[in-house]
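Notes for the one structure printed next.
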Amino acid sequence: MHLDWPWRAGVLDPQGPIGAAERTILLNATSIMLAVIIPVIVLTIAFAWWFRAGNRRATYLPDWSYSGPIELVVWSIPALVVMFLGGIAWIGSHDLDPPRALQSKTKTLEVQVVALDWKWLFIYPEQGIASVNRLVVPVGTPLHFTITSASVMNSFFVPQLGSQIYAMAGMATQLHLQADKPGIYPGLSAQFSGDGFSDMRFNVEALSDSGFDQWVGTTRAAGNALDLAGYQNLTKPSVADKPATFGAIPPKLFEAAMTHAVK
């Protein structure tokens, strides 16, 4: 599967509240660090120019050893930087905690994610459907992802929506995201997991509510049920799988995948 990944499809072009908040943290942290780095670079150049060998006006003080005001400035600036960056990290880590639900009057859509070799299985438990390498969601709706792996560790990441999180066998991680605008947003595995890792990508298609409902209805009508035998076939390693949908799924498929109960 070869997806068109435009240069803007990254963390600096957020399309949801989590991605936007993470970009703000990134820009704030960069600004705070530049407030130190830029003056240091300027002063380094200025000192090198002023104390050059040909400048007779420069005063050389070989016996100078200590200055209280200079020591205060030298140590207070790094201390303030650490305090500011620590504050941003502390507040951001609580406000953007992946398991923390988004505040919204719209009902949250439940999506269960299983990382396979080397593809993504998306299960919609309330709709009773599933898809491979294609994640369709309604715009403006909070999304609650429950994520696991049927094999080695992987990493679920949609850069424009935010919050990369690991998928690990035998356990379920939680993630809340939201797409604010209609569009197609690239997703990927950000954790090396073998030969097919580079093609372990998918598209997030954010549709209107009516468009999402229509997709659900079309998927159900198309049939192509995913039974346990079909799931076992999906677990076999494959590379660059084309997107596929399933109009019906067995109950508690995600739980079976997480505990490796499907034999």
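Restricted to the stretch 80-121, and to residues there that are of a type in the set (Asp, Glu) and more than 22 Å from residue 186 (Cβ to Cβ), the residue that is surrounded by the most Cβ atoms within 10 Å (Cβ to Cβ) is 110.
Among the residues of the stretch 46-61, those that are surrounded by 10 or more Cβ atoms within 10 Å (Cβ to Cβ) and either touching an Asp or Glu at 6+ places or on another chain (Cβ under 7 Å) or assigned to a helix (DSSP H, G or I) (or both) comprise 46, 47, 49, 50.
Among the residues of the stretch 219-252, those that are hydrophobic (A, V, I, L, M, F, W, C) and within 27 Å of residue 188 (Cβ to Cβ) comprise 222, 226, 234, 239, 240, 244, 246, 249. For residue 11, are the conditions met, namely being of a type in the set (A, V, I, L, M, F, W, C), touching a Pro at 6+ places or on another chain (Cβ under 8 Å) and assigned to a loop (DSSP other than H, G, I, E, B)? When the stated conditions are applied, residue 11 passes them.
Close Cβ contacts (under 7 Å, 6 or more residues apart or on different chains) running from residues in the stretch 38-55 that are farther than 14 Å from residue 77 by Cβ to residues that are modelled with pLDDT under 90 and not in a helix (DSSP H, G or I) comprise 50/58; 51/58. Summed over the stretch 218-247, residues that are of a type in the set (Gly, Ala, Ser) and under 29 Å from the mean Cα position of the chain (by Cα) total 4.
Of the candidates 120, 90, the single residue that is of a type in the set (Phe, Trp, Tyr) and over 30 Å from residue 212 (Cβ atoms) is 90.
The values are calculated or read from the model by the stated rules, or taken from the named source; none is laboratory data. For clarity, every value in this text was computed on a predicted model and none was experimentally measured. When we count neighbours, we look across all protein chains shown, and the Cβ atoms used for this are built from the backbone with ideal geometry, even at glycine.
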